[in-house]
Amino acid sequence: MAGPVQYKSTRGGESVSCFEAIMGGIAPDGGLYVPTRFPNIGKPLTDLAGCSYIQLARQIIGAFFPDFSSRDLEQSLRSAYDQKFGHPDIAPLVKKGQYFFLELFHGPTLAFKDMALSLLPHLLKKASLALGNQKKIVILTATSGDTGKAALEGFADVQGTEIIVFYPKKGVSRIQERQMITQEGRNTHVVGIEGNFDDAQRGVKEIFADRQFQKRLDDAGCMFSSANSINIGRLVPQVVYYVYSYLTLLKRGEIRPGQAVNFSVPTGNFGNILAAYYAQKIGLPVGKLICASNINHVLYDFFTTGIYDRNRNLVATSSPSMDILVSSNLERLLYDVCGKDPQLVGKFQDALQSSGRYEISDRMRSGFKDFYGGYATETDTASAIGYAFHNLDYLMDTHTGVGFDVYRKYVRQTGDDTKTVIVSTASPFKFPDKVIEAIGGNSSTGDQMELVYRLEEVSGQKVPQNIGNLDQLPVRHDRVCAASQMKELVWDILKPDKETR
Ligand SMILES: *Cc1c(COP(=O)(O)O)cnc(C)c1O
């Protein structure tokens, strides 16, 4: 039974190695890759308490991805985390009042996506080498802001890869745009689209679906892969920080070995909180997983009624990375709690596709007993940020504000006094206007760069360097195109003779 961990699509079929799962991104049948069994890390978690972040990552990721040699894994982890993070702990746990905040925003783009996207390119490259792939790996991404920049940073100058990011020219914040168009790296390409995020996303999907175009690229020595959060290579690195935060609590004497801890996670695509569930599956003592949504609360409805229904309007909020109606990674949880039945998962996903809705049985719902769903309105989020700033001396961003508000509602409702880690997913300086308003300052100037410095004054906290110097960096990408021209542009970037023209 205990052969090496392999990967299987949630929609059925044969198992593949972790290399193939990481290279493939999404499974050929449209499902998501899940481990054939949850690995055993081989020692009691308490024995790992002395580990550094990287040492712990080697154990946990090595258990999920056994095909990587420990040398390859070690090298990849060093390239991902050694120089690029602004905090020696990588994922520091900050205690304020009786609250614990797990800060996942000390990477190069100041949001939690760096935790996995710093590592994925290195894993992808090693997997590609191991499979004997000679082709250049091309990452194509449409972004509404955060993912694109984190992917650019991760892939910049990683040999054998090329990354092309499309963003809606008028649909991202000024800080987000500056972050992208100043991106360094010989293999990075950033293109503004005349259109919105959906246009960019549709364009990318069309390119992926165009067999003829793929053939042309194949002949030119290129292949596509995905840096999207459906790639298992993004999910597994996220398991590490949940275990790390638990070990930090142990080391500080806040908990006894074996004592359960809750996690409150601001959620969008369900990747981050699913990693917490996977941590529980490998033996971490987890109490409740508090799934915090903003007013696009499809997940809250799902956990309280058993009905998933995306038939509603998407509302733009102050926590944009959580503005999402189809949380892709939920498919992996469904698979696990429905007894690993690919037919059933397929049925739900078909229904979601055709009618935008599905309903699960009461028996399946009992599989979610460790999840608690809650949501925060825009006012709730702002007052949570204000409360934390004025009463706990802690400055948090809008996404973390959602997680904090929902946690406090949970405690009021249940009286549960289990120690809880609130996952802090972005630096407050990424959303200066909303944060200034929430702590009672004046945000009435349109210019986000000015507001970054105003937030420094109001809060007494230093602007992180990666944002502070944005206005001085040279613009390195200025391409703009219509959504209908995306394919030609990709070809223009990748065609083999481009050097000689
Ligand atoms: C992506 C993101 C989230 C949501 O994470 P999921 O894994 O998609 O649930 C929350 N906060 C921030 C700042 C993010 O960038």
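The values are calculated or read from the model by the stated rules, or taken from the named source; none is laboratory data. As the structure is a computational prediction, the values presented were derived from the model and not from experiment. Don't worry about glycine lacking a Cβ; one is built from the backbone with ideal geometry, like all the others, and counts go over all protein chains shown. Note: accessible area is taken over every heavy atom of the protein model, side chains too, but ligands, DNA and RNA are not part of it. Shrake-Rupley method; radii C 1.70, N 1.55, O 1.52, S 1.80 Å.
Under 5 Å between amide hydrogens, which residues at least 5 positions from K136 or on another chain qualify, with H placed 1.01 Å from N in the peptide plane?
Here the answer is C222, M223, since their amide H atoms fall under 5 Å of that of K136.
Starting from the Cα of K95, draw a straight line to each of the aspartates and glutamates and keep only those under 17 Å, dropping any in the same chain fewer than 8 residues away.
Qualifying aspartates and glutamates at Cα under 17 Å: E103, E254, D393, D397, D405, D417.
Not counting ligands, DNA or RNA, and with a 1.4 Å probe, what is L217's accessible surface area in Å² rounded to the nearest 10?
Probe radius 1.4 Å; accessible area of L217 about 0 Å².
Among the lysines, which fall within straight-line cross-link reach of K205, defined as a Cα-Cα distance under 17 Å, with same-chain neighbours fewer than 8 residues apart omitted?
Partners found: K215, K487.
Of the accessible area of the chain, with the probe set at 1.4 angstrom, what percent is carbon plus sulfur? Let's see the in-between values first.
Details: 9250 of 20290 Å².
Taking all protein chains in place, the chain shows 46 percent carbon and sulfur surface.
How long are the semi-axes of the ellipsoid equivalent to the stretch 330-377, from square roots of 5 times the Cα gyration tensor eigenvalues, in whole Å, largest first? Numbers along the way, then the final one.
Numbers: eigenvalues 73, 50, 16 Å².
Equivalent ellipsoid of the stretch 330-377: 19, 16, 9 Å, largest first.
Let's test this: bin the Cα-Cα distances of the chain at 10 Å from zero up to the farthest pair and state each bin's percent.
4, 19, 31, 29, 14, 3, 0
Which residues' amide hydrogens lie under 5 Å from the amide hydrogen of I290, considering only partners 5 or more residues apart or on another chain, with H built in the peptide plane?
Sorted by chain and number, the residues that satisfy this are F263, S264, V265, Y372.
Once you order the gyration tensor axes a ≥ b ≥ c over the Cα atoms, which shape class does the stretch 39-99 get: rounded for a/c under 1.5, otherwise prolate or oblate by comparing a/b with b/c? Walk me through the numbers on the way to the answer.
Working: a/c = 2.87, a/b = 1.33, b/c = 2.15.
Oblate, since a/c reaches 1.5 and b/c is not below a/b.
Mind checking the dipole of the stretch 419-478: about its Cα centre, +1 per Lys or Arg Cβ, -1 per Asp or Glu Cβ, Debye to the nearest 20? Let's see the in-between values first.
On the way: 6 positive and 8 negative charges, 78 e Å.
Once rounded to the nearest 20, the dipole reads 380 debye.
Which of T398, I439, A127 sits closest to the plus end of the dipole of the chain, meaning its Cα is farthest towards the positive end, when Lys and Arg get +1 and Asp and Glu get -1 on the C-beta?
Result: A127, furthest along the dipole toward the positive end.
Under 15 Å Cα-Cα from K169, which aspartates and glutamates qualify once same-chain neighbours fewer than 8 residues away are excluded?
In chain and number order, the partners are D146, E177, E194, D198, D199, D478.
Which of the pairs K281/K369; K288/K419; K8/K340; K125/K495; K8/K149 have their Cα atoms more than 18 Å apart in this structure? Walk me through the intermediate numbers first.
Values: K281/K369 14 Å; K288/K419 10 Å; K8/K340 10 Å; K125/K495 21 Å; K8/K149 30 Å.
Flagged as over cut-off: K125/K495; K8/K149.
With the dipole of the stretch 1-79 worked out from charges on the C-beta (+1 for Lys and Arg, -1 for Asp and Glu) around the Cα centre, which of S76, G42, G13 lies farthest toward the positive end?
G42
Mind ranking 432-438, 305-311 by how tightly packed they are, going by the mean number of other C-beta atoms within 10 angstrom, highest first? Each step should come with its number before you reach the end.
On the way: 432-438: 23.9, 305-311: 14.9.
Result, highest mean Cβ count within 10 Å first: 432-438, 305-311.
Could you state how much accessible area L489 has, in square angstrom rounded to the nearest 10, with a 1.4 Å probe and all protein chains kept in place?
L489 has an accessible surface of roughly 20 Å² with all protein chains in place.
How large is ³J(HN,Hα), in whole Hz, for each residue of the stretch 76-89 in order, when computed from phi with the Karplus curve 6.51 cos²θ - 1.76 cosθ + 1.60 and θ = phi - 60°, using x for Gly and Pro?
Going residue by residue, I get 4, 5, 5, 4, 6, 10, 4, 9, 8, 9, x, 9, x, 7 Hz, with x marking Gly and Pro.
Quick one: the Cα spread of the stretch 179-245 along its three principal axes, in angstroms, biggest first?
Projected onto the principal axes, the Cα atoms of the stretch 179-245 cover 46, 28, 27 Å.
So which trypsin sites (Lys or Arg not before Pro) in the stretch 157-207 are both in a DSSP loop and have at most 10 other Cβ atoms within 10 Å of their Cβ?
Within the stretch 157-207, the qualifying trypsin sites (Lys or Arg not before Pro) (loop, at most 10 other Cβ atoms within 10 Å) are R186.
Top to bottom by accessible area (1.4 Å), largest first, where do L73, L473 land?
On the way: L73 5, L473 60 Å².
Per-residue accessible area, sorted high to low, gives L473, L73.
Quick one: accessible area per residue over the chain, 1.4 Å probe, rounded to a whole number of Å²? Could the numbers behind the result be given before it?
Numbers: 20290 Å² over 501 residues.
For the chain, the per-residue accessible area is 41 Å².
Once you have a ≥ b ≥ c as the square roots of the Cα gyration tensor eigenvalues for the stretch 354-489, tell me rounded if a/c is under 1.5, and otherwise prolate or oblate according to whether a/b is larger than b/c.
Values: a/c = 2.68, a/b = 1.24, b/c = 2.16.
Oblate.
Which whole-angstrom value gives the distance between the alpha carbon centres of the stretch 162-192 and the stretch 4-33?
Spelled out, the Cα-based centre of one part sits 30 Å from the other.
Pop out the ³J(HN,Hα) list for the stretch 5-16 in order, Karplus 6.51 cos²θ - 1.76 cosθ + 1.60 with θ = phi - 60°, rounded to Hz; leave Gly and Pro as x.
Whole-Hz 3J(HN,Hα) from phi for the stretch 5-16: 5, 10, 10, 9, 6, 5, 9, x, x, 7, 7, 10.
Using per-residue counts of other Cβ atoms within 10 Å, averaged over each peptide, order 155-161, 31-37 from highest down.
On the way: 155-161: 17.4, 31-37: 21.3.
Answer by packing, highest mean first, reads 31-37, 155-161.
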